[in-house]
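First the structure, in the form of structure tokens, and then the observations on it.
Since every read-out is calculated from the coordinates, none of them should be taken as a lab result. Being a predicted model, the structure only gives us computed values, none of them experimental. When we count neighbours, we look across all protein chains shown, and the Cβ atoms used for this are built from the backbone with ideal geometry, even at glycine.
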Amino acid sequence: MNVNASLIVKLIAVAAIACVPMSGESFYVELVAKMLLMAIFAMSLDLLVGFTGLVSFGHAAYFGIAAYSVALFTAKFGQMSLWVMLPAAILLSAAAALVIGIFVIRTKGIYFIMVTLAFAQMAYFVFHDTPLGGGSDGVYVDARPTAAIGSWVPFDLDNELHMFYFVLVMMLLVYLFLHRVLQSPFGRVLMGIKSNEHRMQSLGYFTFGYKLAAFTLAGALGGVAGFLYAVLFGFVTPELLSWHESGNVLLMVILGGMGNLAGAVLGAFAFEAMREFFADITKYWQLLMGGVIVALVLFLPGGLTAIPGRIKRALQGGGAK
Amino acid sequence: MDFASFLIQVLNSLQYGLLLFLVASGLTLVFGIMGIINLAHGSFYMIGAYLAFVLTSATGSLVLAIALGIPLALIFGALLEWALFSHLYKRDHLEQVLLTYGLILIFEQLRSLLVGDDVHGVAIPAFLDASIQLTEVMSYPVYRLAISVVCIVLAVALYYVIQRTRLGMMIRAGNDDRSMVEALGININMIYRVVFALGVALAALAGMLAAPISSVFPNMGSHVLIISFVIVVIGGIGSVWGALVAALIVGFADTFGKVLLPEISGMIVYLVMAVVLLWRPEGILKKG
Amino acid sequence: MSQTSKNEVLLEARKLTRRFGGLAANQDIDVTLERGMIHVLLGPNGAGKSTCINMLSGDLPPSEGEIRYLGKDITRLSAAQRSQEGIGRSYQRTNIFPQFTVLENVRLAAQSRRQQPWRIFSKAMEQQWALEKARACIEEAGLGRRVDWVSGVLSHGEQRQLEIAMVLATDAQVLLLDEPLAGMGSEESASMVAVLKRLRQTRGILLVEHDMDAVFAVADRITVMVNGQLLECGPPAQIKASVAVQQAYLGTEDSFHV
């Protein structure tokens, strides 16, 4: 797709999403809001996996840490200001990512996948077993943060409409932010690392630092998604940090096609849609989901965004590639 | 703690570590030789446990169930390799992770469909259902000792096969240089199939042995899988010897951790892994 | 005082040794490289030339020995650190970024000299200094006509030229080149040799090469390695005439046709 056509498609999609609350169906509004925050989650992981080549199987940890920070701060301090809570949540997930990153980025390949999984499990246990977390029952978020600055209240998160548009705006901001970062010299280095890390080192780049920065940034953005989840649904459990969630977000990234921000968004939407759809059909929806995953890997390695290219090639007779 | 309690914990650590070794050895072999990361490995453990339950219920004897279960597991492993895993060798790690993750979902749901979601017990064979008296008040189950013995025998057998047989030599050679082995006319595909089936059978056997003491329940494979990963990381990919050492470290750390530091016992294993990673990012005993 | 700057010792390695298990791939190798010189590492296959270059570039740590760059001990420095000091390397098996264009490959190399990772909102493609430098280096390496091509589709010889361009973009003073002429036709070879001669004036070049004609056309000094050991080192005339060298090559596939 050339640049202009792709831009038009994206604008139409955003406009369509913005119209969802007009349907009046609270169920769909909440579902699409969830898809939007999952899109943020997926984009944050795509930065790591699709652009830097770091396959993390523990990304849910940062989502969960931010979500829990909302619940725990609210439990301790009551309703807080959005403008304090959001940065705090982001800072906490970023800090966790930085510390964990120092350990895991020393490893490569299969080791990296396994240790990111293991550290996420460690975080899971912190919230599941220790008094900090409130156990497997989870914690309720007693109140949504307030957007008030002094006496001015720009919007009210208790209003479903405002909440929806807040999530939508956040997704767009994250998208634009990442888009810009990836075009920067820093972003180019990340892509160089994915393409050929050894060469980057022999060109004088200290790749450990860059990878750590990417890991921390991805954790921070994953925290944005976790924050939104906690505020939207009002309830957090340790399962948010489970490896099932880490696996799901990884699936979203590959479903949409890695190394493609819009693809990550598409993958998140497609995954959540599939989850809803399958759960409607059968109690054993995970069987269908598993089957789709296996089929996806075997037959569609480029993800959904590769489909237009494939169709085009097929129509051209499948000659030159 | 007094000596008898200490001895009990030591024996428990040994038994737990050895069982984990059975599972982890298959995982590290498949990683090291075929370069495949297989998240569904924990499912094989679960499948073994459920097989033990089903076959013991049918035949009335755990021993018979195991005798039937092992060949079944081997065949299942070979079929799975042929149908699915053989396509993964050329794929990158991310795709392997995803596909095997999808397999976990499939296996768990099939289990739910076929056997249901209830927790089941499996009876210890009568001739092992006794205890050894340690002190006036404390005794130790013979069955747990039997598990340790079986695992040790298997470990020795594994060592023998890998170090002393022609098959083992081919496995080790394939580990180091696949194309060279192929050039020598050895059927690398057959070796891969054998190794994979062996890994499946070892994990399944561990599940069968563990069934009477841990019970048989949904998602029992998940925890074992992640611990196995930790063991492989600590011991070094491809190193069976490393897996043994690491499994024992984990067995002791976890068991004593539960006794001495119960609040953080779930995390101790990961803390050990973190320390090892700081010191040696490729595992303690990474081969080569 | 151009004579002095021409003889400035850039790289000096003493008693470089590398063991793999019981086997010594390199034993007590000495290498000296001055500015204004092309120093060729010669030897039959398996002589240990690649191991030697890998130790000099930082890709392989030596078991024993010492390496100095402009007098500074760099033995323990990583490849990235050595690159920042001024040592550049090209690889025998092409080591580029195949999905990126030629321009992007070299731009990345240039950017390494002025990394400003915190500037996440500036666009890489608007950094004129890096783009200009990249284009200049691409021209110098003779690859100007391919500037916007995806580097993965270039011919093998063109990829070697790309490697040179990348090394140049890092302002390397010492160029460690592993078979830069491999896979090139005679015309490409000739132009690459011309490039190397031009570069020699301002830098020091250490190269591993099999192409004998090229070797004797450019070399100021030749080090012959056999079985991981230094057999002989000296100007081309001395090496050509050396009986020991002739004997070392007799019966090997790299016949020593002069």
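Annotations for the structure displayed:
- Shape of region B:23-218, Cα gyration tensor, a/c cut at 1.5: oblate
- Counted charge near residue A:148, where neighbours are those whose Cβ lies closer than 13 Å (Asp, Glu -1; Lys, Arg +1): -1
- Of A:120, A:31, A:152, farthest towards positive along the dipole that unit charges on Lys, Arg, Asp, Glu beta carbons give region A:25-241: A:120
- Residues C:137, C:233 arranged by fewest to most Cβ contacts within 10 Å: C:233, C:137
- Loop-located trypsin sites (Lys or Arg not before Pro) in region B:84-119 whose Cβ has at most 12 other Cβ within 10 Å (DSSP): B:90
- Within the shell of other residues whose beta carbon sits under 15 angstrom from the beta carbon of residue B:264, the net charge comes to -2, with Lys and Arg scored +1 and Asp and Glu -1.
- Gaussian network model of chain B, springs between alpha carbon atoms under 10 Å - residue of B:23, B:142, B:269 with greatest fluctuation: B:142
- For residue C:190, the shell of other residues with beta-carbons less than 12 Å away shows a net charge of -3, using +1 for Lys and Arg and -1 for Asp and Glu.
- Note that region A:25-241 carries a Kirkwood radius of 17.9 Å, evaluated over its alpha carbons pair by pair.
- As a calculated quantity, the FRET efficiency between residue B:57 and residue A:314 at R0 = 45 Å, using C-beta atoms, amounts to about 0.30.
- Put in order of Cβ neighbour count within 10 Å, fewest first, the listed residues C:215, A:231 become C:215, A:231.
- Stretch in chain C that is longest and holds no chymotrypsin sites (Phe, Trp or Tyr not before Pro) that DSSP places in a loop and that have at most 12 other beta carbons within 10 Å: C:122-258
- Region C:156-258: GluC sites (Glu not before Pro) in DSSP loop, at most 10 other beta carbons within 10 Å: C:253
- Hydrophobic long helices, here whole DSSP H runs in chain A with Kyte-Doolittle means of at least 0.5 and Cα atoms spread over 15 Å or more along the helix axis, are found at A:3-18, A:26-46, A:60-77, A:82-104, A:109-129, A:160-183, A:207-233, A:243-256, A:261-281, A:285-299.
- Label-point gap, in nm, between residue B:163 and residue A:26 - each point 7 angstrom along Cα→Cβ: 6.9
- Cα shape, region C:96-171, gyration tensor, a/c 1.5 rule: prolate
- For the protein assembly as shown, a simple Cβ point-charge model (Lys and Arg +1, Asp and Glu -1, everything else neutral) yields a dipole of about 1600 debye relative to the Cα centre.
- Three-way shape label, region A:130-201, alpha-carbon gyration tensor, a/c 1.5: oblate
- Cα-only Debye scattering, region A:50-98: base-10 log of I(q)/I(0) at q = 0.15, 0.22, 0.27 Å⁻¹: -0.45, -0.78, -1.00
- Taking only alpha carbon atoms, region A:83-182 gives an Rg to Rh ratio of 1.06, where Rh is the Kirkwood radius.
- Rg and Dmax of the protein assembly as shown, Cα atoms only, in Å: 30.7, 97
- For chain B, the relative contact order works out to 37 percent when only alpha carbon pairs closer than 8 Å and six or more residues apart are counted.
- Once the C-beta distance of residue A:8 and residue C:191 is scaled by a Förster radius of 51 Å, the resulting FRET efficiency is 0.60 to the nearest 0.05.
- Cα-derived Rg to Rh of chain C, Kirkwood definition: 0.98
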